[in-house]
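Just so it is clear, none of the values below were taken in a lab; they were calculated from the coordinates. This structure is a prediction, so every number in the text was calculated from the model and none was measured. Heads up, the Cβs are rebuilt from the backbone with ideal geometry, glycines too, and the neighbour counts pull from every protein chain shown.
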Amino acid sequence: MAKILSSYQSYKKTEEITRMTLQEKLASEYGDACTVDELTHIVQRHLEENNIKHLDIAGFNQLERHLNNFLRLVRIRKTQLMMGVVKGLQEKETQLKRENSIIMKEIEAARMNENEMNEDSGDAAAAATPPYTDFQVTW
């Protein structure tokens with residue numbers, strides 16, 4: 001049982017280290033990702049710079065292309081972020097399956113050891129006591 005508890009504690013420490021490492025990795029890789037408010041501000045500034053009231057059809061088409069390109073970049077970045085998270089979760093799932101398998105083997109070994117000890121103590125108790133015989137006492 002002590003092995004199981006120490007294995008569980010080791011698992012918890014590993015899980016926390018993995019989580020912190022993943023958070024640091026995401027922060028370093030995607031720290032420059034914009035928030036919704038920042039994106040809105042960028043679009044508004046872009047519209048003000050182009051002075052939308054004075055644009056003709058060609059200007060609107062160009063602005064639409066810019067916005068579509070920007071939206072495409074946002075979608076690509078979102079996909080990259082999601083793929084990173086999915087990959088991290090898949091690695092965590094694999095690790096948890098491995099640890100679960102190890103724990104199950106330890107539990108099975110502990111049960112078998114317990115059963116062997118019970119059988120051994122049962123054999124010793126049977127050898128120490130004489131066999132049971134029926135007899136009657138009459139008065």
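Listed values, structure above:
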| read-out | value |
| --- | --- |
| Distance between modelled label sites at R75 and D120, nm, 7 Å Cα→Cβ extension | 6.8 |
| Calculated FRET value between T14 and T40, using beta carbons and R₀ = 30 Å, to 0.05 | 0.15 |
| Inter-label distance for F60 and I107, nm, one decimal - labels placed 7 Å from Cα along Cα-to-Cβ | 6.6 |
| Long-range amide H partners of L55 with built H, under 5 Å | none |
